[in-house]
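Student: Next up is a structure, given as structure tokens.
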Amino acid sequence: MAHWLLKTEPSDYSFVDLQKEKKTVWAGVSNALAKKHLRAMKAGDPILIYHTGKEKAVVGTATVLKEAGDSGEPTIAAGKLLGRPVTLEAIKKEKRFAGWGLVKIGRLSVVPTDAAIFGAILAMAEKV
């Protein structure tokens, strides 16, 4: 099972919007590599949702409901709001994240994420 991080500008579409809708088709991605990653998503894959712009933080979780198919746009379902956002600043301070696409390829909107990183982000969100 693959894990993912999807970026969104909260003024356009926020995690709260996803929670209200419960599910959405993840559309509007134009970068070729990001589109390739969207097509690689499988039903059941877990996702971290990251707010770009002023916030720059992982804020919630989601799950792939339906694979992208020919459209290249998977359907995702809202998960949980994190206990606290995990900021990009905090992520960059941790050496274990140095090779992660979120840090290395900052402009990529769909980032493959391994299970260890996914779990570490969730653990950081629960620390007080």
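Student: Looking at segment 8-60, which of its residues are under 23 Å from THR87 (Cα atoms) and assigned to a strand (DSSP E or B)?
Tutor: Within segment 8-60, THR8, PRO46, ILE47, LEU48, ILE49, TYR50, HIS51, ALA57, VAL58, VAL59, GLY60 meet the criteria.
Student: In segment 99-122, what count of residues is obtained for those that are in a helix (DSSP H, G or I) and among the aromatic types (Phe, Trp, Tyr)?
Tutor: Residues meeting the conditions: 1.
Student: Select from segment 22-55 the residues that are among the charged types (D, E, K, R) and touching a strand residue (DSSP E or B) at 6+ places or on another chain (Cβ under 6 Å) and list them in ascending order.
Tutor: Matches in segment 22-55: LYS22, LYS23, ASP45.
Student: Here is a follow-up. Determine the pairs where a residue that is more than 14 Å from ILE76 (Cα to Cα), located within segment 4-17, has a partner that is part of a loop (DSSP other than H, G, I, E, B) with Cβ atoms under 7 Å apart, the partner being 6 or more residues away or on another chain.
Tutor: GLU9/THR52; GLU9/GLY53; PRO10/GLY53; PRO10/GLU55; SER11/GLY53
Student: Also: Mind checking whether some residue in segment 76-98 is of a type in the set (Ser, Thr, Tyr), crowded, with 19+ Cβ neighbours inside 10 Å and part of a strand (DSSP E or B)?
Tutor: The answer is no; no qualifying residue exists.
Quick grid of which residues meet (1) touching a Leu at 6+ places or on another chain (Cβ under 7 Å); (2) over 24 Å from GLU126 (Cβ atoms); (3) at pLDDT 95 or above:
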| residue | (1), (2), (3) |
| --- | --- |
| GLY28 | no, yes, no |
| ARG39 | no, yes, yes |
| HIS51 | no, no, yes |
| LYS56 | yes, no, yes |
| LYS66 | no, yes, yes |
| GLU89 | no, no, yes |
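The values are calculated or read from the model by the stated rules, or taken from the named source; none is laboratory data. Treat the numbers as computed from the prediction; the structure is a model and nothing was measured. Cβ sites come from the backbone with ideal geometry, for glycine too, and all protein chains shown count toward neighbours.
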